[in-house]
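Here the structure is laid out as structure tokens; the discussion comes afterwards.
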């Protein structure tokens with residue numbers, strides 16, 4: 001199978017679920033003659049570097065094709081939905097690469113990355129990103145670099161969850177929503193070492209559409225973080241006034257009352273029934289009702305203790 005056909009399908013796979021603003025930006029860049037002129041100039045300027053890169057890239061592609069594309073039956077790609085079965089099949093093939101194929105792929109991949117690490121080449125790409133307002137540059141730079149070297153302009157949003165690799169499996173990251181339009185990541189506080197979820201807004205991120213649409217992903221990350229920290233999700237406590245009163249009453253170890261029959265002041269240990277009578281004014285008269293109220297105090301104390309353990 002020819003490399004350009006494989007690359008075109010790959011480009012289609014990545015673009016199909018991109019955010020609408022990302023798609024429009026890609027289309028705009030492809031049709032912008034000034035952008036195309038700048039890219040052409042860079043291809044001429046860095047032709048030696050591109051030639052070295054392509055030697056390694058071609059070797060990578062051949063290995064990838066033998067391991068994936070050559071082992072699946074390709075349907076006719078006419079609509080976005082036609083791409084989904086291809087994607088699933090490719091992912092499955094990639095999961096089952098033999099150790100021999102992985103080693104073969106690792107060598108040209110490392111060499112290709114070393115070629116692209118040229119600092120001056122990177123600086124030129126950064127200037128292009130600044131000129132055409134491609135922000136944030138950190139996510140656009142790799143895509144413009146790929147466009148210069150291979151001619152394929154891929155969307156930057158398919159790797160926005162890469163910063164979650166310690167929390168999400170490779171499959172989770174691959175299947176994470178692509179049209180996030182924000183960057184979720186885990187950040188560690190340098191002073192305390194505590195980790196927290198940080199969401200980087202892009203220039204056109206909207207709370208109503210982008211964050212609301214993918215609130216489930218944010219909740220999933222929060223849950224993973226809570227589990228790692230061993231903390232529980234906080235819920236507003238409806239019985240907080242009773243808890244505060246109980247905390248004060250628990251400090252009181254004894255109660256003193258007047259005994260009419262003996263005519264003496266009697267001091268006894270405070271009980272939960274006593275505390276219930278102090279907290280709740282509507283407890284019906286009777287021993288059975290008082291015992292229930294005392295048990296209710298025990299439940300409140302237990303639940304409050306459990307919240308902080």
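Please give the FRET efficiency for residue 295 paired with residue 207, using the beta carbon to beta carbon distance and R0 = 51 Å, rounded to the nearest 0.05. Spell out each step's value before the answer.
Values: r = 46 Å, r/R0 = 0.90.
For R0 = 51 Å, the calculated efficiency reads 0.65.
Subtract the Cα-Cα distance of residue 113 and residue 101 from 0.36 nm times their separation in residues, and report this length gain in nm to one decimal.
My answer for the length gained is 2.5 nm.
Calculate the FRET efficiency for residue 277 and residue 232 from the Cβ-Cβ distance with a Förster distance of 30 Å, rounded to the nearest 0.05.
0.40
Pull out the extension gain between residue 55 and residue 166, defined as 0.36 nm times the separation in residues minus the alpha carbon to alpha carbon distance; nm, one decimal.
Between residue 55 and residue 166, full extension yields an extra 36.7 nm.
Once both labels are modelled 7 Å past Cα along the beta-carbon direction, what's the residue 222-residue 251 spacing in nm?
Result for the modelled spin labels: 3.4 nm.
Quick one: order 119, 66, 301 by neighbouring beta-carbon count within 10 Å, fewest to most. Provide the component values of the computation, followed by the final result.
Numbers: 119 7, 66 13, 301 16.
Arranged by neighbour count, lowest to highest, 119, 66, 301 become 119, 66, 301.
Exposure proxy check: 201, 53, 121 ranked by fewest other beta carbons within 10 Å? Provide the component values of the computation, followed by the final result.
Details: 201 14, 53 23, 121 20.
Least crowded to most crowded, the residues run 201, 121, 53.
Determine the gain in length on full extension of the stretch residue 27-residue 187; use 0.36 nm per residue of separation and subtract their C-alpha separation, reporting nm with one decimal.
Values: separation 160, 0.36 × 160 = 57.60 nm, distance 3.36 nm.
Separation in residues times 0.36 nm, less the Cα-Cα distance, equals 54.2 nm.
Throughout, read-outs are computed from the coordinates displayed, never taken from laboratory work. Keep in mind that this is a model prediction, so the values were computed, not measured. Please note: Cβ atoms are built from the backbone with ideal geometry, for glycine as well, and neighbour counts cover all protein chains shown.
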